[in-house]
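Taking it in order: structure first as structure tokens, then the write-up.
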Amino acid sequence: MATQLPVIDYEKIKKVHDAPLEEFYTSGHRTCQGCESAMVMRDFAKAAGPRTVVTGATGCMYVANTSYLTTPWIVPWMHTQLGAGGSSAVGMAAGLRALMRKGRIPKEKINVINFSGDLGAGDMGIGGISGALQTDYDLLVIMYDNESAANTDIQATGSTTYGAQTTFTPPGSKHRIMQRRWKKNVAAMLAVGHPTCRYVATASATFPALDFMNKTRKALSIGGPTFIHTFDPCPKGWDFHPRYAHELGELGVKSGIFPLYEIIDGQVVYTYDARQKGRIPVREYLEKQGRFAHLIDEDVDYIQSMVDTMWNEWDIPGVAPFKAGLSVAG
Amino acid sequence: MIKRVEVNYRGIFQKTLGKYIGGDIVQIASRMGKVAFSNGRYSDSPERNGIPCKYFAFVSPDLSEEELEAECGAKLDIDEADVSVVVDDTMVKGVEPWGWHGVRAINEKLREKGCLLVTSQHSHDQLLTFIPKQPFSWRLATVEGPASLAGLWVYKDDLTRERVLGALAAVDPGIISIEAVESYLLEKTKDKHRAEAARASYDATLRNMRVVKAGEGAEWHHEIPRLPTWKEFESGGVVVPAVPRGFTMGPRGQSRNERFLRGTTKSHRPVVRFDLCIKCTLCWYDCPDECFDPTDDGLYDVNYEVCVGCHKCAEVCPVPECIVMVDELKFDNNDSPWEHHKRDPQGYIKWAEEKKGLERIHYPHVTGTGMEIREGKFVPPKPDKGGPAAGAKA
Amino acid sequence: MATVAETTNVWANELLLNGCQAVAQGVKLANVDVIAAYPIRPYTEVMDQLSKLIADGEFDSEYIVADSEHSQFEIVKHASSVGARAFGGSSGTGWMYGFEALVVAATDRLPPLFVVGNRALDDPGAFGVEHNDALALRDMGWLLCWASTAQEALEHVLIGYRIAEDNRVLMPMALAMDGAFLTHSQHMIKVPTQEAVNTFLPPFNLGKRVLHPDNPVSIAPQVNEDWVMELRRQNWEAARRARTVIPEVYKSFNDLFGPRYANPFFDEFMCEDAEVVLVGLGAVAMPARTAVRRLREQGKKAGYVNLRWFRPFPTEQLRATLGRMKGVGIIDRNFAMGSPDNGGIVVQDIRSCLYPLTKRPVVTDFIGGLGGRDMSIADCVRMFEITFDAAAGQQRDELVTWIGLRE
């Protein structure tokens, strides 16, 4: 029942000076000073352009953006429930496809995009996103990951960095570390489990420059269901001065704690290859955030060792936690 | 009788401070045998960094707990304030906490003879150039010092809390007395210097309180939006028009959400030396609030109506002294700086340098761990005023 | 005056269909654009049937196998938001699993249609009919009606979309039908022609509320105390207008297909001169009507009200009919434990509906048929007898009687 549609052939943006000037997500949103998730909103809307429909799952980027019946959105946008990111995109894509096939609206490529936070996409809604990635609809789900339920004032999620302080994981006199879960590897998990999904990527909102915009365009151009996981430093919850929002993202990538890559038709392409370029110590990233102020050296060493394992011992470094030596039982 | 106090604070940065002050008032008043409670303005929640928020405390010497709660509890906002505390003085320019709320005067809730108590390094007269006039007389007092900004996890213990309590006792002893403040602090913290800080602030406030006469103060131009009745937007319901698509080069060329500007979120604004700009685009590219307007000459105007003062542009700008964050109270309008620069390039440089001064505030990464004042410098304009286009980095 | 049905051929054929298959025929005739499926007994066969119809090319719709009811309902809701006629359904706890999506479909003012094959709620798992699943919608801004035959089920897919999509209404529509007894019992069903359906049911047009690049809107921005009351009042207004639209739509249906529905909101069986009536929802209408006939043979003035529309509740119409009675017995195939008198849900609404009358019938309540237990003719006769006794002034210890309980 698929309908062949014209494709918007996005060109790669090569220089910052070539980035589109027009905004499709504009000023007048109640996000925090220095909000990197707002950068994700701005950049995917800019990269996708006007022939786009968007749903936003409950979370910061719902509540902060559209406070009190006002909107910063220029492209059509609709709220969806916390765990409904994937299914909202399927619903829109299916509706548009049926209406176009039946001749009730003109045939054209309309980008269908959902954004959901780490709580919505990585935890509650992961089943729905998995379902979406099994379809043949053209849709893009963006998981904007600020590593907490930031809208409800910073509670731990499955994507919170080990050791971080949140209101659900406060350091105490008996337990220094309450956040004892290792960050969920959402993008790779989805890529591994959905072999017909042609494009999964991770990105940081502003580092390297243009990277996220180009990944958005690549996802929309490749078509089918696609997924991008973005890494969004959160000045409020991570507790750093908003001034350093870009820098924190860069440090996260350069320390290797958040690997940047694309998986295109099963092929892993590193955006920032920490093996070749070298990694800065994770300490340089951790020490700049108030949420890690309670960590002691052994905690930092543990995080470093986990990151080292990720890059040195995984079969697909930074992506998939399998280790080589395909042994046969018995 | 009821005494009502509101604490106007910056979201997240002063969340703990606002809550502490509200809670302290309740505990001190209780020790004095009064009935009191405190709460936050729920509509401010979820708080965002920098957004103007309010915390309240209500005190009565004669009402029962139930009567006080009935009068002051379960309400969105305070009816009137005997004291409006402002812990970041840039909020005297007005506060717009959320959409359809409008920019509200900082002394909107202040009653006749009430006191606006501001943490500030500015003089009363300077503050009064921003605070709107009232038809009655009121009082203005300051607690001298910079705004105490902290983070969600790190409370900045710089005695602002104690000093505000001391000053509060000075401006309205009917709420809490200085003796009660002192004994509370001593008993609670065993730290003598906290009580001393409160007392010193009490004394200083008594000396520098200023009566503001009826009609004295700034003109106020902001309108409060009228919320439509249910019938007036019935056909839309939850469906509202998007911001209309619109972009042209130049100042105010991008369409924006007109129901919520949120420029009152900022304590500092970026001042741009356009003549030093290398047109790298990074200020525009990295701005999370879409407040830079591209211009035909490759520069980026700043729309101060919507800039929230995050400092990010100043951080990513590769040119020293090109973008510098400056105290918001040094500005009395949101005019386009680029137009000023185009109109009068030399005059603009002079203006910008005057605003910048030579003190540069430097914050460490973790909020609440202090700030450092570094010396800035004057960079003379280049012969080619537009700056070299070459050298721009992608 | 001759109806269109008498003059032109509006019925295509007669097929042996069970309730689920009849609904599927309705969905096909409504030319639904998007269907999302997830299995749970007993409604599942609707989706089985639809997938086969699509596989065989009998009609054209997107058909999505969802990963959960929550996703299923969200897919339906968002398909509706872009202007597609969308269909979903569920039963029992599956319905409850997706409930969040049902709530927002109403507040977003979107008009998809869902079928609810009524099923008992877990635990323990039970497949049989019980109405608590669909009744949970009663305060959520939905249109909610019960079909009591497979023929009605088919016709109410068409009637339902027409009411829901009316731009004065724009509310989601739940069509409930008793699990097993209705969903799985086969009858000869008259199937309308596509032409007749096209005449009756215009294409869906969401107008200025549609999410499309040519209609840039923001749907459901976050609000707080400044807006919620006004938005709720608007929902209320839509439900109020539905009370006007529903009779219009039935009239139009009757005009086209013959005088099938005398009263849109409920069927009155021998109520004209009745002194005591039972009121029930769904398939219990069959034994109840037979019981009425038997009691009439004994000279007792019994009647039966088959309540079709529960939301919007037909307050005025029920007052007019029930207000004439001496006794009214409510058959609640649901439970509302801890409610006034520990009865069912339906009795609460009917009692408050009748309360303003100066002369009120005696109202008594029956809980029965839970989990799909039989409701026999004898059970119905017994309920009538109790209601007659109550109407005659007999005092009872309990206002609620459990029917068919092993005691």
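The values are calculated or read from the model by the stated rules, or taken from the named source; none is laboratory data. No experiment lies behind these values; they were computed from the predicted model shown. We place every Cβ from the backbone using ideal geometry, glycine too, and count neighbours over all the protein chains shown.
Can you tell which of B:Lys355, B:Lys350, B:Lys342 is among the charged types (D, E, K, R), assigned to a helix (DSSP H, G or I) and touching a strand residue (DSSP E or B) at 6+ places or on another chain (Cβ under 7 Å)? Please lay out each step first, then the result.
On the way: B:Lys350 fails: touching a strand residue (DSSP E or B) at 6+ places or on another chain (Cβ under 7 Å); B:Lys342 fails: touching a strand residue (DSSP E or B) at 6+ places or on another chain (Cβ under 7 Å).
After applying the criteria, what remains is B:Lys355.
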Q. Which of (1) buried (at least 19 other Cβ atoms within 10 Å of the Cβ); (2) aliphatic (A, V, I, L, M); (3) more than 30 Å from B:Asp158 (Cα to Cα) is the odd one out, the single condition B:Ala214 does not satisfy?
A. (1)
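Using the structure shown, decide if C:Glu130 is under 21 Å from the mean Cα position of the chain (by Cα), of a type in the set (D, E, K, R), more than 14 Å from chain A (Cβ to nearest Cβ) and crowded, with 21+ Cβ neighbours inside 10 Å. Give the steps one after another, and end with the answer.
On the way: under 21 Å from the mean Cα position of the chain (by Cα): yes; of a type in the set (D, E, K, R): yes; more than 14 Å from chain A (Cβ to nearest Cβ): yes; crowded, with 21+ Cβ neighbours inside 10 Å: yes.
Yes: the conditions hold for C:Glu130.
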**Q.** Subset of segment A:290-330 that is in contact with a Phe, Trp or Tyr (Cβ under 6 Å, 6 or more places away or on another chain) and free of Cβ contacts under 8 Å to residues at least 60 places away in the same chain - its residue that is nearest to A:Phe258 (Cα to Cα)
**A.** A:Pro317
Q.
If I go through segment A:55-84 residue by residue, how many of them are outside any loop (DSSP other than H, G, I, E, B) and over 22 Å from A:Leu119 (Cβ atoms)?
A. 2
Q. Can you find even one residue in segment B:193-207 that is touching a Leu at 6+ places or on another chain (Cβ under 6 Å) and assigned by TED's automatic domain parsing to the domain that holds B:Gly357?
A. no
Q: Go through segment B:173-191 and count every residue that is buried (at least 19 other Cβ atoms within 10 Å of the Cβ) and either closer than 18 Å to B:Arg111 by Cα or touching a residue at least 40 places away in the same chain (Cβ under 8 Å) (or both).
A: 5
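Consider C:Gly338 carefully, then state whether it is at pLDDT below 95 and either aliphatic (A, V, I, L, M) or crowded, with 16+ Cβ neighbours inside 10 Å (or both). Steps first, answer last, please.
Working: at pLDDT below 95: yes; either aliphatic (A, V, I, L, M) or crowded, with 16+ Cβ neighbours inside 10 Å (or both): no.
So C:Gly338 does not fit the description; no.
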**Q.** Some residue of segment B:231-251 being at pLDDT 95 or above, away from chain A (no Cβ under 14 Å) and not in a helix (DSSP H, G or I)
**A.** yes
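For segment A:239-299, please list each of the helices (runs of 4 or more DSSP H) lying entirely inside it that holds at least 3 residues being away from every other protein chain (no Cβ under 12 Å). Working first, answer last.
Working: elements: A:245-254, A:274-277, A:282-286.
Helices (runs of 4 or more DSSP H) meeting the threshold: A:245-254, A:274-277.
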Q: Pick out the one residue from C:Ala238, C:Ala242 that is within 12 Å of another protein chain (Cβ to nearest Cβ), at pLDDT 95 or above and touching a Leu at 6+ places or on another chain (Cβ under 7 Å).
A: C:Ala238
Q: Say whether the condition of being within 14 Å of chain B (Cβ to nearest Cβ), more than 30 Å from B:Gly250 (Cβ to Cβ) and within 22 Å of the chain's Cα centre (by Cα) is met by at least one residue in segment A:68-78.
A: yes
Q: Residue by residue through segment A:94-123, note down the ones that are within 9 Å of chain C (Cβ to nearest Cβ) and assigned to a helix (DSSP H, G or I).
A: A:Ala94, A:Gly95, A:Leu96, A:Arg97, A:Ala98, A:Leu99, A:Arg101
Q.
One residue is enough: does segment B:253-276 have a residue meeting the conditions over 24 Å from A:Asn65 (Cβ atoms), in contact with an Asp or Glu (Cβ under 6 Å, 6 or more places away or on another chain), in contact (Cβ under 8 Å) with a residue 24 or more places away in the chain and assigned to a loop (DSSP other than H, G, I, E, B)?
A. no
Q | Tally of residues being under 16 Å from A:Gln179 (Cβ atoms) and either exposed (fewer than 14 other Cβ atoms within 10 Å of the Cβ) or over 23 Å from the mean Cα position of the chain (by Cα) (or both) across segment A:279-308 | A | 8
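Being away from chain B (no Cβ under 14 Å), hydroxyl-bearing (Ser, Thr, Tyr) and either crowded, with 24+ Cβ neighbours inside 10 Å or part of a helix (DSSP H, G or I) (or both) is true for just one of A:Thr230, A:Thr196, A:Thr216, A:Thr206. Which residue is that?
On the way: A:Thr230 fails: away from chain B (no Cβ under 14 Å); A:Thr196 fails: either crowded, with 24+ Cβ neighbours inside 10 Å or part of a helix (DSSP H, G or I) (or both); A:Thr206 fails: away from chain B (no Cβ under 14 Å).
The unique qualifying residue is A:Thr216.
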